[in-house]
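Some notes on the structure that comes next.
Each reported figure results from applying straightforward, stated rules to the coordinates on display, with no laboratory input. As the structure is a prediction and not an experimental result, all values here were calculated from the model. Cβ placement follows ideal geometry from the backbone for every residue including glycine, while neighbour counts extend to all protein chains displayed.
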Amino acid sequence: MFEIFREHKGFTRQIFLLAKNELIKTYKGSAVGPLWAVVKPLFTLFVYWFAFSVGLRGNRVVEVANIHGQTVGFPIFIFILVGFVPWCFISDSILFGARSIRTNRHFVTKVSFPVSTIMSYTILSKLFVHFLLVICMYIYVLIVNGGPTIYNIQFFYYCPLMYLFFLVLSWSTAPMSAFSFDFYNIINSVMSGLFWLSSVIYSSYDMEYGWLKIIMFFNPINYFTNGYRNAFLYNRWFWDYPEFPLETIIFFAEFVVLFFLGLWNYKRLRKKIADVL
């Protein structure tokens, strides 16, 4: 842990510059540049809206129970939108974080560079895109759902926590993907299933079976998708629902385990990465 902190000390400016360069490199050669970061999610959202609202002739309103036991309805598009915005960051953080060392192997093999900062600036570049998506989402929410409200400040709790969580995850996945590209292919393969097992297009709080709802608590992605809906859609504090104690305990227990697992993986693989690459 102290080694990672030492590697980041004095590299703050370089991390931000490299995150900026990562964005430029990602959208280099395209006419609209970083706007593709907005166009692609919007097109995907349109597909989901069409499939669930028009193609399947489903209910255009998603009903969610509030803290008073009353049922509140939300248009399906805005419901999916608020859950899909954090998913975009989560998906990119998992995939790009896992392959960050392999993609930037020149920093490991050719120059003396703190390896742990590679994951930091890679995921930070995705956070810049996330801010842009959040701004677009928030404008739409204000128009359709009204606001702003005091509950929106919960974004400043969920967003930094989300960045830290998936940064810590990359401490394990990036070194392991550098050793084996098959490991990265496994991660890439499970992402589609992970999307459907996360509450991006539905509410895990309103599942019919209580045991299934508890199982969903072990998926940390639900903590963030539901959290963003708490902040921007439900207009309630994250502690203002019955599932809060159990869900929060499970999430932070997983965070602690992931933190020490990441430290252990990084420590045992760090000195061997250059030889493998």
(message) Greater than 26 Å separation of Cα atoms is the criterion. Which listed pairs, LYS25/LYS271; LYS28/LYS110; LYS110/LYS272, meet it?
(response) LYS25/LYS271
(message) Calculate the FRET efficiency for LEU212 and SER192 from the Cβ-Cβ distance with a Förster distance of 25 Å, rounded to the nearest 0.05.
(response) 0.75
(request) Output the Kirkwood hydrodynamic radius of the range 171-249, Cα pairs only, in Å rounded to one decimal. (result) 14.3
(request) Taking a cut-off of 19 Å between Cα atoms, list the aspartates and glutamates near LYS40, but don't count ones fewer than 8 places away on the same chain. (result) GLU22, ASP92
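Note down the relative contact order for the range 132-277 as a percent, whole number, built from C-alpha pairs under 8 angstrom at least six residues apart. The partial results should precede the final answer.
Working: 103 pairs, mean separation 54.6, N = 146.
It comes to 37 percent, rounded to a whole number.
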(request) Given the options ASN230, ASN222, ASN145, state which has the largest fluctuation in a GNM of the chain using a 10 Å cut-off (strictly under) for Cα springs. (result) ASN145
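What helices does the chain have that are whole DSSP H segments, at least 30 Å long along their own axis by Cα, and with mean Kyte-Doolittle hydropathy of 1.0 or more?
Values: long enough: 76-98 (32 Å, 2.10); 116-145 (42 Å, 1.73); 155-179 (36 Å, 1.29); 244-269 (37 Å, 1.20).
Within the chain the helices that satisfy the rule are 76-98, 116-145, 155-179, 244-269.
Can you pull out the chymotrypsin sites (Phe, Trp or Tyr not before Pro) in the range 230-277 that DSSP calls coil and that have at most 16 other Cβ atoms within 10 Å?
Details: sites: PHE232, TYR234, TRP237, PHE238, TRP239, PHE251, PHE252, PHE255, PHE259, PHE260, TRP264, TYR266; in loops: TRP237, PHE238, TRP239.
In loop regions of the range 230-277 (DSSP not H, G, I, E or B), the sparsely surrounded chymotrypsin sites (Phe, Trp or Tyr not before Pro) are TRP237, TRP239.
What translational D, rounded to a whole number of µm²/s, comes out for the chain from Stokes-Einstein when the hydrodynamic radius is the Kirkwood one over Cα pairs, at 10 °C and 1.306 mPa s?
Numbers: Rh = 20.0 Å.
Reported coefficient: 79 µm²/s.
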